[in-house]
């Protein structure tokens, strides 16, 4: 149930704060006062599409807050599973729209992405607007509505899962069912490519190692010269010139004598470390020099090997990619050469998955038939309450030939408003007023099984007049006995049934226009009902309004 709604700088609404309870609440006002704007704000709060155009002119942002109470147990469990537990039985929603285009969504005070926000809002409110009349004209919506009325969503999930598994097997079967000629051609290509890679026999990391060796061998002469020069300078020395090691030896000897004569000198250990480190370095240089050799023709071998590896680039950007591609080709070749065995395996899987689908789909079909019979009977009674006593409503099924998501049949609603006329597809026979009443009747049935606590009707009385409009008011009041119901209406006959009545007024203050939402007292309600009746003498409309008021009180 929606307990509180705060709207700020949304459209013409500068600051609106409303508190609600159970029962039927109506909103009325002059055309253009902003009645539907309130429903738009609630739609945005529930995750609907929002844009900067909705922000009040001259303001930087619009804010909408809602507090919900008396939530359904299954909805509370869903919130807890997502990590947003209900606090003191209340759910807090917040939506902010900025001129920059940025949207801020909060649940229980925590900012979350819009997609998650929308999913958490599902199941809170059922909004019915005039556009929903059009949805009944679309045959593809009928099956979903039937399932919703019957609470068959879990059964549909099982059927969809089974259908998905069966269709996956069919795709696998089609992939294998290529012609024999194409299969042989593909087999020849795979064998050639696998053999080409196998002949080169690339090894992981080989290319990098060869590139380094190529660089070393390409500079062999210069390397030999450098290492020889380094060893001479470090250890051997040259004519008339001592090596670094010999010079360090002389220095070491002098510092050793110095340390013996003057104990205050402490640099001997440092020269000692340098002396032996130089000896180790000279030894490393010698070993490298003695071991540096290259086989004549080795450079040509490396060049040829790199050319071979480069030819495999068409299979991948690196040797690792090429080897991975080879494994995949081997697997594909294995599949092609063992296709008959795979067909036998697929046949068994196909049979098993089809049996699974048929089992769950048959159970869903049986439940749908039972629900359809109950809906047909229930709608007959509901439509009779709305002055369509002679109407007929039928749910017809058309079998699907193959397993598909949604079940083994299509569903279409048929309707006849007049005795003697056979039912025809809904889109071909129902007028606007009849569609309004039919939708209201369906919502009345849905209210009995739906866990949603709040129903909103935006001008559900559109196209309905005469005595029938009283029936619409009665039906809304009846739904409101177990649900929280909001209704925007132009009909005084509907508004008279409300437990709470809000007037929506557009006023001009200075150079700004704003929409106000005010709770009406009993006397204010009579005045508003009189205005809505319109025309004629004031006393007559007031008397009519009083009669409507008294009659609605008795029927409630």
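Coordinate-derived values only; no laboratory data. Given the structure is predicted, the values throughout are model-derived calculations rather than measurements. Here the Cβ is made from the backbone with ideal geometry for all residues, glycine too, and neighbour counts use every protein chain on show.
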Item to complete: With everything on Cα atoms, drop me the angle between helix 522-533 and the longest principal axis of the chain, reported from 0 to 90° to the nearest 10.
Response: 80 degrees
Fill in: Size-normalised alpha-carbon gyration radius of the range 184-337, reference 2.2 N^0.38 Å
1.88
Worksheet entry | Modelled label reach - residue 244, point 7 Å along Cα→Cβ, the range 261-276 residues with backbone N closer than 13 Å | 274-276
Worksheet item: Over the range 184-337, what relative contact order in percent results from Cα pairs under 8 Å that are six or more residues apart?
Response: 38 percent
Worksheet entry | Length released on extending from residue 198 to residue 221, taking residue separation times 0.36 nm less the Cα-Cα span | 4.7 nm
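Suppose R0 equals 45 Å. What FRET efficiency, 1/(1 + (r/R0)^6) with r the Cβ-Cβ distance, do residue 507 and residue 428 give to the nearest 0.05?
On the way: r = 46 Å, r/R0 = 1.02.
Between residue 507 and residue 428 the formula returns 0.45.
How much length, in nm to one decimal, is gained on full extension between residue 87 and residue 118, taken as 0.36 nm per residue of separation minus their Cα-Cα distance?
Working: separation 31, 0.36 × 31 = 11.16 nm, distance 1.98 nm.
Going from the current span to full extension adds 9.2 nm.
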Response to the item:
Contour minus Cα-Cα span, residue 521 to residue 374, at 0.36 nm per residue, comes to 48.8 nm
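What FRET efficiency comes out for the pair residue 153/residue 303, r = Cβ-Cβ distance, R0 = 60 Å, nearest 0.05?
Details: r = 69 Å, r/R0 = 1.14.
Efficiency, rounded to the nearest 0.05: 0.30.
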Worksheet item: Mean residue ellipticity at 222 nm from the helices of the chain, using -39,500 (n - 2.57) per DSSP H segment of n ≥ 4 over the full residue count, to the nearest 500 deg cm²/dmol?
Response: -18000 deg cm²/dmol
Fill in: Pairwise label distance in nanometres, residue 551 with residue 273, each label 7 Å out on the Cα-Cβ vector
10.9 nm
Item to complete: On each of the three principal axes of the Cα atoms of the range 192-282, give max minus min coordinate, whole Å, ordered largest first.
Response: 84, 32, 10
Worksheet entry | Euclidean distance between Cα centres, the range 155-189 to the range 508-553, Å | 67 Å
Response to the item:
In nm, the gap between the two label points placed 7 Å beyond Cα toward Cβ at residue 286 and residue 161 is 7.7 nm
Item to complete: Can you tell me which of 31-39, 497-505, 296-304 comes out highest on packing, and rank the rest after it, using the mean Cβ neighbours within 10 Å?
Response: 497-505, 31-39, 296-304
Worksheet entry | Span from the the range 287-312 Cα centroid across to the the range 219-235 one, whole angstrom | 21 Å
Item to complete: Would you mind getting me the FRET efficiency between residue 181 and residue 363? Use the beta-carbon distance for r and R0 = 45 Å, nearest 0.05.
Response: 0.50
Worksheet item: At what distance in angstrom do the alpha carbon centres of the range 25-79 and the range 384-399 lie from each other?
Response: 34 Å
Worksheet entry | Burial order of peptide ranges 41-53, 404-416 (average beta-carbon count within 10 Å, highest first) | 404-416, 41-53
Item to complete: In Å³ and rounded to a whole number, note down the convex hull volume per residue for the Cα atoms of the chain.
Response: 341 Å³
Item to complete: Let me have the relative contact order for the chain, percent, based on Cα pairs under 8 Å that are six or more residues apart.
Response: 22 percent
Item to complete: Jot down the radius of gyration and Dmax of the range 473-533, Cα atoms only, both in angstrom.
Response: 13.5, 45
Response to the item:
Checking rank on 355-364, 393-402, with mean other Cβ inside 10 Å and highest first, the result is 355-364, 393-402
Worksheet item: Once label points are set 7 Å from the Cα along Cα→Cβ at both residue 398 and residue 351, what is their separation, rounded to one decimal in nm?
Response: 3.3 nm
